[in-house]
1. Cα axis of helix 298-308 to longest principal axis of the chain: angle in degrees, 0 to 90, nearest 10?
2. Pairing the Cα long axis of helix 227-247 with the longest principal axis of the chain, what angle in degrees results, from 0 to 90 and rounded to the nearest 10?
3. Taking the Cα-to-Cβ direction at residue 5 and at residue 418 and moving 7 Å from each Cα, how far apart do the two end points lie in nm?
4. Mind listing the long-range amide H neighbours of residue 470? Cut-off is under 5 Å, sequence gap 5 or more, other chains count too, H placed in the peptide plane at 1.01 Å from N.
5. Can you list the residues, at least 5 places off or on another chain, whose amide H is less than 5 Å from the amide H of residue 548, using H built in the peptide plane?
6. Would you please give the residues with an amide H less than 5 Å from that of residue 318, counting only those at least 5 places away or on a separate chain, with H modeled from the backbone geometry?
7. Using the Cα centre of region 431-632 as the reference point, and only Cβ charges (+1 on K/R, -1 on D/E), how large is the resulting charge dipole? Debye, rounded to the nearest 20.
8. Determine which lysines satisfy two conditions relative to residue 260: a Cα distance under 17 Å, and not lying fewer than 8 residues away in the same chain.
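Read the figures in this text as sums done on the coordinates, not as results from a lab. No experiment lies behind these values; they were computed from the predicted model shown. For neighbour counting, all protein chains shown are included, and Cβ atoms are generated from backbone atoms with ideal geometry for every residue, glycine included.
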Amino acid sequence: MTGSLPTLTDLAASGAPFALIARDGVTVEVLTGDVIDVDLLRDIPLHDPDGTAREVLALVPFRQVVERGFVCHDDRAPLRCLQVSQHRALPLADALLQLPTERVPLEDAGFDIDDDEYAAIVRRVIADEIGRGEGANFVIRRDFTARVDADAATAGLAWFRALLQHERGAYWTFLVVTDGHVAVGASPEAHVSARGGVVTMNPISGTFRHPRGGATPGTLTEFLSSTKETEELFMVVDEELKMMSAVCSDGGRITGPHLKEMSRLTHTEYMLRGTSTMDPRDILRETMFAPTVTGSPMQNACTVIARHEHAPRGYYSGVAALFTPTPTGEHDLDAPILIRTAYVVDGTLRVPVGATLVRHSDPDGEVGETHGKAAGVLGAIGAVERDDLRPAVDEDAPIASRERLADDPAIAALLSSRNSRLAPFWLEPQAAEGGPYAGREVLVVDAEDRFTTMLGHQLHHLGFTPRIVLWHEVTDAQLDEAGFVVFGPGPGDPRDGTNPRIARMRSALGRRADAALPFLAVCLSHQILAHRLGIDLAPLASPHQGLQKSVDVFGALASIGFYNTFTARVTPGTERVGDDGAARAAQVAADAVSGDVYALRGAGFASVQGHLESILSRDGLPTLERLVGFALAPTGR
């Protein structure tokens, strides 16, 4: 390309839409073209009328979750597509010379929700949502806002330059300018990519705010040893494996953990990879959106967000999705999450940030986390005082490299030790060759928790051909005709028979039990089975969301991951229930002290409170195989 092409400042002055993307550390990609807004992901125009594949950069707002049937505050934010007519690479050094250096002044700056109010929201979510079984973790946002009097596109160019210089470790540093809207950010997280049939997801969670003077191996060790931070990462990996299992024929394999080191923050991350033949738009739909910015289980997380956030999210927690044609006429997908991003609309700057709330969350600590995340963007662009934690660098050059904390042997050992707790099934290739139940079909009833997709892969590994059906779509005929049924987990209070989902799961499981047809019940469904057997249900004093426990499952000690707020409970020492003829008899595996029921088995059925499909279930697959064997054995033994 020659110097006759417009400069970056020329682009901004022209009023035409454009995008700048820095993702390889060497170049800035310059994308120009026309913009159209579409309604649905399937409408993203990947081909011209004559069938020629074309490149498209799409800004996908959070409101697109309605495509999956989830709720949201709908602001009608457009699904905006830049149909790329020209895509050129500009050397990074040349781009820096073209970008403005002036600081953009802000006025009336501050959070839209003050610290005390945000802390109160954190307390309500822990008590009213996690404490009542609605999910394991939730992300609630607040916005840093300010007035910007400068031209928005010019301000975007200045901030893009500042992010290139002062932020490190970003997956994409980007600027997207369209009519009436500017988005500029440095996203640390690739939500999903698809290249050559290989799908990759990159769950990042756990946030270490660097102390003044910079992070050191010593200060980082305490963070990496935190139970809260470790479990937070494991939970989002579980949630993204649900998505991977829905789009990948092999379910996905995890590698890591790694450190994501940025200017003010360090995160922990895993990489998930699997293979898929799906259209990239369908992959994007099935993975909307990252649990690191929503929560889990995903559907209920959207409901919780709608209850506790009083304004729409716009593009926060959506994705910027670049669809690039391949030589075969298909498309690769590269889609970072829209976080650590500043938006300018009608002279107002908005920087949305959120904290992941779990059962261990400290409200004041979560307030501090939102300040740290906002400062990562605001400090880089010069909107607040910068903590320059690195040696001085040439102001006209990008961030200088430095020794990575992950290279410290003690840090590397501490990271790798985490995997000793995890299920080998998800750390190793998952080839399913035959298996003890080869040729058999299994119906899996989904109770609004896509852990069922992970269960499906484990059942496939055992030889089954699984078919997953949603709770409100499963028919009585399907329940009667299936050779084997697995009733899945889900959120909510198992005692609440007025809830349509709980009521349907009760009737479906009851129908199967009354017909003496074999089934396995997991988590919520285990509790429903226990209730049917006359066992009391009660809330736990402290929710077991993302908790790993070693429990006795009918004579075998098993390390299992638990995601439950309620439990079935018997008198300690109880070994059987239902022998009086009031219900089918069942053998009980329960805690010797509390009486919490971990598993049940009887003639034609078995159940388990834990999630054998979770990465936290180190002994999940062999325990699943044993329980399936109990359920399919005529005597339940």
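1. Helix 298-308 and the main axis of the chain meet at about 70 degrees.
2. Rounded to the nearest ten degrees, it is 90.
3. Here the modelled spin labels are 3.9 nm apart.
4. Residues meeting the amide H criterion: 446.
5. HN-HN under 5 Å from residue 548: 562.
6. 62, 338
7. On the way: 17 positive and 22 negative charges, 11 e Å.
Using only the charged Cβ atoms, the result is roughly 60 debye.
8. Within reach: 373.
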